Amino acid sequence: MTNPLLEQHTLPPFSAIRPEHIEPAIRHLIERNKRRINELVAVPGAHNWESLMQPIEDMEDELAQCWSPVSHLNGVLNSEPLRQAHNTCLPLLSEYSTWMGQHTALYEAYRELSESSASSNTLTPPQRKALDNALRDFRLAGVALPADQKQRYGELQQRLSELGSRFTDNVLDATNAWSKEVNAEDLAGLPATALASACQAAQQKGLEGCLLTLEFPSVQPVLTYCDNAALREEVYTANVTRASELGPHAGRWDNSGLITEILDLRQELASLLGFGNYAELSLVTKMAPSTSQVVDFLVQLAERSRPQAEQEWRDLQEFAATSHGKTSLEPWDVAYYSEKLRQSTFNVSQEEVRPYLPVNRVLPGLFQVVERLYGIQVEEIDDFDTYHPDARLFELRQDGEALARFYLDLYARSGKRGGAWMGDCRARRIRDSQLQLPVAYLVCNFTPPVGEEPSLLTENEMTTLFHEFGHGLHHMLTQQQVAAVSGINGVAWDAVELPSQFLENWCHQPEALAFISGHYETGESLPAALLEKMLAAKNFQAGMQMVRQLEFSLFDFRLHQHWGEPGVSVQGLLDTVRHQVAVIPAVPFNRFQNSFSHIFGGGYAAGYYSYKWAEVLSADAFSRFEEEGIFNPHTGQEFRRHILEAGGSRDAMSLFVAFRGREPELEPLLRHCGIAA
């Protein structure tokens, strides 16, 4: 029987994918690639791009096209057979990556190509950048290590791959395991939309009343609006003790041991490659020049933000005490009384805005924003091979010509990893003299539609949608034809958030909100008075939000910078960072770190600071639009050309300077966030 994962498809053949196909397909491609690579480097004589780099890129792309839908399905439609197949392949892929990175003959062939006089005349700048990146990655893979250390490097990478997957699985399982049946009376204070969603969740399980889960669209409304303090505490506790030794499922999916082992192995890996710590290793592929500069950057932001955060915290405590008789605020009270303070101060709530942000209005509004900025159109494709009824497919076009496609999967559901992300389905590249168009996965976890009514977004969810689409545009509007620098490939990790955070700015522009928003029943645009209040409240508790993100960033970076030093522990270091930057006291049972998938199950280890680093870039980039017009087509085309189309073909700082005319400044970020000078 033909294995569909090995066939060439423009789009993934989701309906034909079976868990039992996955491991044989991956093994076949890995074995074939190894054989062909050995044959390539055995050919005598000098190599050029067409004889060496292009065939390897072709092979790597076939493997990526096979693995991409498997990895995607594991995140959005998780099942035990799929998880087992996925996890079985991780060590195979890790071993193959190490094999390539430590292939001495292949490294020498790349090095000879790089140093040959012919290559300086024949390689295009993107090809040269891809080759330079590859040589760097050979060194980071330990190509120069002695044989025994090469073997240990491979063992470390394989084990880290397995541990990261187990960490993520534990978070998903712990999230799915908790639920609570309640009555509508228990949820007094919840908006009608959240209450209807809880009732629908119960009905889908064949239960009476309402059902609460640990999916974000369920947790957030309870903590923000529920009058029942005991229920808020119960939900909060279950949420912050996920995958830990505490909480309702104490120890069952505990990630504590995995965290320690991951940190130990990362430190060993860094030492093996000659770095003092994993943070130093991490920065080799980033913009930031040194660990001290990253820490100084974060500390400087904290020093600028903390006085305002402290004042905001005092204001909240005073409000809770004087207006509600609440003299002591627990963590599960913070969102609840913050929302009441927000309503009292600005006379507007998130829920008041929600009816004006139905998905079926916000999504076309988003597409209109990018059409005005970049001259592209977005059209939905109805007939495609899907994996779930929620999944939709769209095509980017310009002057009738297809540029790219993307899958959109918006709603939370059981078996779907939490959060929001953009995934790479296909890279833009040349194959057999034909252009392969880029394809992206865009995934969110919004509240699903209830009955016949559309999904109504909060202001934060609208921003999330714009954020992920910004990543998608970076991937899809690239003009690069070499996979290694196409889209987000080859982009410094601390610059990769620039296009995503940049697009968020249009969520708070009255000119854009006029067509992004519209009442789900009447179509009426956001009333001017409500818009004015919403914009006035945009930076509510901006200082508290800033120091919370700095807490996560400093914890991540210092953990990887100082792990293994005497007296350093995960909880101890987190407590130290909180003492330095946080303003809201943490309860002793908070195990936030045990579900911090960004750094223990994703790609942000010693890199979570990237969100703030790139936010400086994005705020400064947007300030040019503020100066020249937020829908100025010339400015839009400049951003498209220098940032989106360039991908990883040039150094991130040089691309920013090409667009902005200078290096980035901190002030626009502080101004946009409402942090006082």
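The values are calculated or read from the model by the stated rules, or taken from the named source; none is laboratory data. Just so we're clear, the structure is a prediction, and the values are computed from it rather than from any experiment. Backbone-built Cβ (ideal geometry, glycine too); neighbour counts: all protein chains shown.
Of all residues in segment 269-284, those satisfying the criterion of being part of a helix (DSSP H, G or I) and surrounded by fewer than 17 Cβ atoms within 10 Å (Cβ to Cβ) are 271, 272, 284.
Of the numbered criteria (1) in contact with a Pro (Cβ under 6 Å, 6 or more places away or on another chain); (2) closer than 26 Å to residue 163 by Cα, the one residue 573 fails is (1).
Select from segment 548-584 the residues that are over 20 Å from residue 256 (Cβ atoms) and in contact with a helix residue (DSSP H, G or I) (Cβ under 8 Å, 6 or more places away or on another chain) and list them in ascending order.
Within segment 548-584, the first condition is being over 20 Å from residue 256 (Cβ atoms), and the residues that meet it are 548-550, 553-554, 557, 561, 566, 579-584.
Passing the criteria: 549, 550, 553, 554, 557, 561, 580, 581, 582, 583, 584.
Would you be able to tell me the number of residues in segment 566-580 that are free of Cβ contacts under 8 Å to residues at least 24 places away in the same chain and part of a helix (DSSP H, G or I)? If you could, list the steps in order and put the result at the bottom.
Filtering segment 566-580 down to residues free of Cβ contacts under 8 Å to residues at least 24 places away in the same chain leaves 566-569, 571-576, 579.
Those still in the list that are part of a helix (DSSP H, G or I) too: 571-576, 579.
Qualifying residue count, segment 566-580: 7.
Rundown of residues vs (1) over 14 Å from residue 661 (Cα atoms); (2) touching a His at 6+ places or on another chain (Cβ under 8 Å); (3) not assigned by TED's automatic domain parsing to the domain that holds residue 507, yes/no style:
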site	(1), (2), (3)
621	no, no, yes
629	yes, no, yes
643	no, yes, yes
649	yes, no, yes
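Report whether or not residue 517 is surrounded by 21 or more Cβ atoms within 10 Å (Cβ to Cβ), of a type in the set (S, T, N, Q) and farther than 30 Å from residue 652 by Cα. Give the derivation first.
Working: surrounded by 21 or more Cβ atoms within 10 Å (Cβ to Cβ): yes; of a type in the set (S, T, N, Q): yes; farther than 30 Å from residue 652 by Cα: yes.
Considered against the rule, which asks whether it is surrounded by 21 or more Cβ atoms within 10 Å (Cβ to Cβ), of a type in the set (S, T, N, Q) and farther than 30 Å from residue 652 by Cα, residue 517 comes out as yes.
Inside segment 156-211, can you point out the residues that are among the hydrophobic types (A, V, I, L, M, F, W, C) and closer than 30 Å to residue 87 by Cβ?
Of all residues in segment 156-211, those among the hydrophobic types (A, V, I, L, M, F, W, C) come to 156, 160, 163, 167, 171-172, 174, 177-178, 182, 184, 187-188, 190, 192, 194-196, 198-199, 201-202, 207, 210-211.
156, 160, 163, 167, 171, 172, 174, 177, 178, 201, 211 - these are the residues of segment 156-211 that are among the hydrophobic types (A, V, I, L, M, F, W, C) and closer than 30 Å to residue 87 by Cβ.
Annotation note: of 587, 583, the sole residue that is farther than 28 Å from residue 508 by Cα, in a loop (DSSP other than H, G, I, E, B) and among the β-branched types (Val, Ile, Thr) is 587.
Could you please find all residues in segment 629-655 being in a helix (DSSP H, G or I) and more than 16 Å from residue 499 (Cα to Cα)? I'd like the intermediate steps shown before the answer.
Step one: list which residues in segment 629-655 are in a helix (DSSP H, G or I), which gives 633-644, 652-655.
Passing the criteria: 633, 634.
Filtered by the rule that a residue be touching a residue at least 40 places away in the same chain (Cβ under 8 Å) and surrounded by fewer than 19 Cβ atoms within 10 Å (Cβ to Cβ), segment 109-123 gives 112, 116, 118, 119, 122. The residue of segment 590-622 that is surrounded by the most Cβ atoms within 10 Å (Cβ to Cβ), among those that are farther than 24 Å from residue 242 by Cα and aliphatic (A, V, I, L, M), is 617.
Assess whether residue 203 counts as being more than 30 Å from residue 148 (Cα to Cα) and of a type in the set (S, T, N, Q). Criteria met by residue 203.
Flag: residue 658 matches the condition of being without any contact (Cβ under 8 Å) to a residue 60 or more places away in the chain and either surrounded by 21 or more Cβ atoms within 10 Å (Cβ to Cβ) or assigned to a helix (DSSP H, G or I) (or both). When the strands (runs of 3 or more DSSP E) confined to segment 415-474 are screened for residues that are within 30 Å of residue 535 (Cβ to Cβ) and not assigned by TED's automatic domain parsing to the domain that holds residue 127, those reaching at least 1 such residues are found at 421-426, 439-446.
Scanning segment 293-335 for residues that are surrounded by 20 or more Cβ atoms within 10 Å (Cβ to Cβ), in contact (Cβ under 8 Å) with a residue 24 or more places away in the chain and among the small types (Gly, Ala, Ser) gives 302, 305, 309. Pairing each residue of segment 474-503 that is closer than 17 Å to residue 441 by Cα with any residue that is at pLDDT below 95 and aliphatic (A, V, I, L, M), provided the two are 6+ apart or on different chains, yields no C-beta distance under 6 Å.
From the list 141, 85, which residue is under 30 Å from residue 176 (Cβ atoms) and of a type in the set (Gly, Ala, Ser)? Break it down stepwise before answering.
Working: 141 fails: under 30 Å from residue 176 (Cβ atoms).
It is 85.
Within segment 349-397, the set of residues being of a type in the set (D, E, K, R) and without any contact (Cβ under 8 Å) to a residue 12 or more places away in the chain comprises 371, 382, 383.
Residues that are surrounded by fewer than 16 Cβ atoms within 10 Å (Cβ to Cβ) and free of Cβ contacts under 8 Å to residues at least 60 places away in the same chain, at least 2 per element: which helices (runs of 4 or more DSSP H) completely within segment 143-244 meet that? It would help to see each step written out before you state the result.
Numbers: elements: 147-177, 192-204, 216-225, 229-240.
Hits in segment 143-244: 147-177, 192-204.
Out of curiosity, is residue 372 touching a helix residue (DSSP H, G or I) at 6+ places or on another chain (Cβ under 9 Å) and either of a type in the set (Val, Ile, Thr) or not assigned by TED's automatic domain parsing to the domain that holds residue 10 (or both)? Judged against the criteria, residue 372 is a match.
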